[in-house]
Amino acid sequence: MKHSIAKTWAMPDTYLILLAVAVFAFALNFVIPAGTFDTVITEVNGVERSVIDPGSYQSAEGGPAGMALFAEGGGIGFLNFAFEGMVSGSKWGASIGVFAFILLTGGAFGLIFASGSVERGLFQVIARNRKAGHFYLATLCFLFSLGGAVFGMGEEVIPFTLIVVPLLVSMGYDSITALLVTYVATQVGFATSWMNPFGVSIAQGIAGVPLMSGSGLRMALWLLATGGLAAYTIVYARRIQREPRRSLAYASDQVFRDKSVSAASLQTMVRGDGWVLLLFCAGIAWMIWGVIERSYFLPEIATQFFTMGIVIAAVAIAFGLNGLTPNRAAAAFREGAQQLLPAAMVVAFAKGIVLLLGGDDPEGASVLNTILHAAGNGLADVSGAVSAWFMLAFQTVFNFFITSGSGQAALTMPIMAPLADVVGVTRQTAVLAFQLGDGLTNIIVPTSAALMGCLGAARLDWGVWLRFVLPLQGALFLFASLAVLVAAASGF
């Protein structure tokens, strides 16, 4: 009987997991009272930002208020969380902005791949450099980690995942390998950065720590973490190359293997492919320039890829590549967007969970505010390095609800920075605990829009990803714990 149950058990679908978390969030409203903070405008690194006043917390009168099962008039009740999550936010972020970004980018890549030029070009790279695959993995890992460290690469990595997944599957790896060298690498870089403008820089500004201070230790941590991830990835990738069926993504990767077979049959590049590849590279360069030089974000990047898709489709139609016609191009756009629709829906569900807890506005009554206040009071009773570790643990858990680095810094650092003075650790160590807790758990929390977008691009279910990444997450948390304890003990 036990054997039969074990044999039929399967990891719950991502939507079922999110629904269970939503039920838990709904239940908290009947146990924990909502609370509010006042905010103050302060200059952080030359920019005015709204941050909480930690001494202004007020609990809602009358204790826990509960929550309606169904709310009218655009309110939030348990059954409203999916829709409200979907329409929340603005074009600059979760959920509606990320939702549109994912769909539009997916459609654009449907147009780009419809020409067949990218697959033929990738096949030429694979055929000539198959033996150098492990070197490519390490290089990609360091490049994407650098992107996370320098300019806080997050949602921007989704389009690159769409490119790298089919390439690495064609080389005998799997989509998990592609996620390791793209998304996971960016988050490792984000967490150990010495200059990321959306994470460590804001946290240092709020904590009153000089910008870019402590860079030596952070650079060492970045090198250790990125080098460790690269080594882990290469060991894993070699095992998958030898035994492909050991991959948890073997079944879902079949669609990419099928495409690689068709690409192999069209391995000779044809007239027009060169123009498509040139336009594709120019478009990627345009996007990178925009992010670095002009601070482009979701609206601009989505439009850049949409433009790239239309131009490439027009060239492909003119050269007759893959028999592409205007109607087929339109169908390719629609199919590309459809492939990423599940990922976009998950982003909406995840945002809805935050709304069930009252949202992330410190001035609005929310359960999250009460949890934050309670954590600050609890840590005040612990001293020294132990307190620093508890700061890391709290930031790690809190990141499940507020995955935005700048948003989490604005909420937690006004409490954690003065708390560090009380318990006897430096504010620099408190910032380190924040950035490691905020960044590293982004590789696992289903509330991360960037993670769910990348999983959608790889056609990998979050439950499958969870089974794979849990041991890596444990190792990274151990690494972060040691880093924080050493920093606290040394007076960093």
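The values are calculated or read from the model by the stated rules, or taken from the named source; none is laboratory data. All values reported here derive from a predicted model rather than from experimental measurement. Methodologically, a virtual Cβ is constructed for each residue, glycine included, from the backbone with ideal geometry; neighbour enumeration extends over all protein chains shown. Quick note on the areas: whole protein, heavy atoms, side chains included, nothing else; ligands and nucleic acids left out. Shrake-Rupley method; radii C 1.70, N 1.55, O 1.52, S 1.80 Å.
General observations
- The residue of the range 382-396 that is nearest to Val98 (Cα to Cα), among those that are open to solvent by 10 Å² or more (accessible area, probe 1.4 Å) and modelled with pLDDT of 90 or more, is Thr396.
- Residue within the range 296-314 that is closer than 23 Å to Phe142 by Cβ, touching a Ser or Thr at 6+ places or on another chain (Cβ under 9 Å) and hydrophobic (A, V, I, L, M, F, W, C) present: yes
- A count restricted to the range 337-362 and to residues that are open to solvent by 10 Å² or more (accessible area, probe 1.4 Å), among the small types (Gly, Ala, Ser) and in contact with a Phe, Trp or Tyr (Cβ under 7 Å, 6 or more places away or on another chain) stands at 0.
- Unmet requirement for Ser213, which otherwise passes all of (1) open to solvent by less than 20 Å² (accessible area, probe 1.4 Å); (2) closer than 30 Å to Gly93 by Cα; (3) polar (S, T, N, Q): (1)
- The lone exception for Val51 - which of (1) touching a residue at least 40 places away in the same chain (Cβ under 8 Å); (2) open to solvent by 50 Å² or more (accessible area, probe 1.4 Å); (3) in a strand (DSSP E or B) it fails: (2)
- The set of residues from the range 25-48 being of a type outside the set (A, V, I, L, M, F, W, C) and under 17 Å from Met416 (Cα atoms) comprises Asp38, Thr39, Thr42.
- Residue match in the range 273-284 (condition: touching a Gly at 6+ places or on another chain (Cβ under 6 Å), assigned to a helix (DSSP H, G or I), surrounded by fewer than 20 Cβ atoms within 10 Å (Cβ to Cβ) and not aromatic (Phe, Trp, Tyr)): yes
- Selection status of Gly199, at positive phi, open to solvent by less than 40 Å² (accessible area, probe 1.4 Å) and not basic (Lys, Arg): no
- The set of residues in the range 406-434 that are closer than 27 Å to Thr14 by Cα and open to solvent by less than 10 Å² (accessible area, probe 1.4 Å) contains only Gln408.
- For Ala249, the criteria (1) crowded, with 19+ Cβ neighbours inside 10 Å; (2) in a helix (DSSP H, G or I) hold in every case but one, which is (2).
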